[in-house]
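The values are calculated or read from the model by the stated rules, or taken from the named source; none is laboratory data. The model shown is predicted, which means the values in this text are computed figures rather than measured ones. As a convention, Cβ positions derive from the backbone with ideal geometry for all residues, glycine included, and neighbour counts pool all protein chains shown. These area figures cover heavy atoms from the full protein model, side chains too; ligands, DNA and RNA do not enter into them. Shrake-Rupley method; radii C 1.70, N 1.55, O 1.52, S 1.80 Å.
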Amino acid sequence: MSEYLLDPVMKNSGASDKVTVVIVNWNGVAFLEQCLTALMAQTLVPHEIILVDNASTDSSLDVVRRYSLVRLIALDYNSGFAQGNNIAIKAASSESTWIALLNPDAFAEPRWLEELLAAAEHHPEFDIFGSRLVNANDITVADGAGDAYHISGLVWRMGHGVAVSSLPDVVSEVFSPCAAAALYRRSALREIGGFDEDYFCYVEDIDLGFRLRLLGFRCLDVPQSIAHHVGSGTTGGQHSDFSIYHGHRNLVWTFVKDMPGLLFCLLLPLHIVLNLVTILWFVMQGQGNVILRAKRDALLGVPKMWRKRKMIQRNKKVSIGDIWPILNKQIFRNQTGSK
């Protein structure tokens, strides 16, 4: 089959806004061709595209090798989403000012990258930019418009499942982006140290966003930058045991590490209640074993997370007054922590 080449009529990014696009793949052959072909059709040429493959056992590598402009890093083990992205970020060209993350099951519309960089140019006070995600199977339905962090420690994608037409079409500040399609200032990622690799996957983008906020970096949702997202395309779906285990273990770790000072003390009882309600809910759904294992391993990991917390809180540059307004305070959206 023929190689896919970048269209020569596309705009090239300038010297000050070069972007490395990063994709982390594991057995994503069902989505890769559509994802990479969409990248080839961007109106703004990325400086480079790096794909980290986590020892896929399907034919993912055969697909990737048909795209001559994709730089492949083929690992011999499954590093997870967090470490896989860190590997690519460290390997990115020193010329790139920006790192754009894209899931293999996210299909970027042609102006996806151009709109992200336009938002970055017009809003220099922000360092992180999230795309508007729509359901890949029904583009009239939203998949997400930025991530919310509730005062209890619950997280979700805002606007998930609602009509796209009901969402605002102007940029707005959000807690953090969904890393399925997002743009980060590289210097900010370097300062924060990238993703926490202990998370493996799920909620690692919320944790990253929280730690970035503690250093004063803010996030903007960009509705004009659109990607069609399948969601949990290679991990068995949002309610698989894999997703539940990692998501609900990592919820606890994120609260322990990142919730600052007095807020941690004041909100800890609410966080405990959230976890108890969550356990009860999943037991009633017949998934008691996985949720109990997730919470057990979360507690076993608390000493390590507490050591990380000490460093994170010692280095923070913002006050509780900066964090409190951006935390979500609505009545619980659900008990499953949809992300």
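Below, the figures for the structure above:
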read-out: Output for segment 25-57, where each listed residue is among the β-branched types (Val, Ile, Thr) and closer than 25 Å to Ala118 by Cβ; value: Thr37, Thr43, Val45, Ile49, Ile50
read-out: Enumeration of residues in segment 188-200 that are of a type outside the set (Phe, Trp, Tyr), in a loop (DSSP other than H, G, I, E, B) and open to solvent by 10 Å² or more (accessible area, probe 1.4 Å); value: Gly193, Asp196
read-out: Residue in segment 209-227 that is surrounded by fewer than 19 Cβ atoms within 10 Å (Cβ to Cβ), touching an Asp or Glu at 6+ places or on another chain (Cβ under 6 Å) and within 24 Å of Trp112 (Cβ to Cβ) present; value: yes
read-out: Cβ-Cβ under 8 Å pairs, at least 6 apart or on other chains, segment 126-142 side free of Cβ contacts under 8 Å to residues at least 24 places away in the same chain, far side surrounded by 23 or more Cβ atoms within 10 Å (Cβ to Cβ) and outside any loop (DSSP other than H, G, I, E, B); value: Val141/Val134
read-out: Any hit, segment 272-284, residues being more than 18 Å from Phe255 (Cα to Cα) and open to solvent by 90 Å² or more (accessible area, probe 1.4 Å); value: yes
read-out: Count - residues of segment 308-325 that are assigned to a helix (DSSP H, G or I) and open to solvent by less than 40 Å² (accessible area, probe 1.4 Å); value: 4
read-out: Test: Val64 is open to solvent by less than 10 Å² (accessible area, probe 1.4 Å) and touching a Gly at 6+ places or on another chain (Cβ under 9 Å); value: no
read-out: Residue that is under 24 Å from Thr97 (Cα atoms), open to solvent by 10 Å² or more (accessible area, probe 1.4 Å) and β-branched (Val, Ile, Thr), where the choices are Val52, Val45, Val29; value: Val45
read-out: Sole residue being open to solvent by 10 Å² or more (accessible area, probe 1.4 Å) and of a type in the set (Val, Ile, Thr), chosen from Val203, Val155, Val141, Val174; value: Val141
read-out: Boolean, Arg314 is closer than 21 Å to Arg211 by Cα and under 23 Å from the mean Cα position of the chain (by Cα); value: no
read-out: Filtered residue count, segment 58-104, keeping only those that are in contact with a Cys (Cβ under 8 Å, 6 or more places away or on another chain) and more than 21 Å from Glu114 (Cα to Cα); value: 3
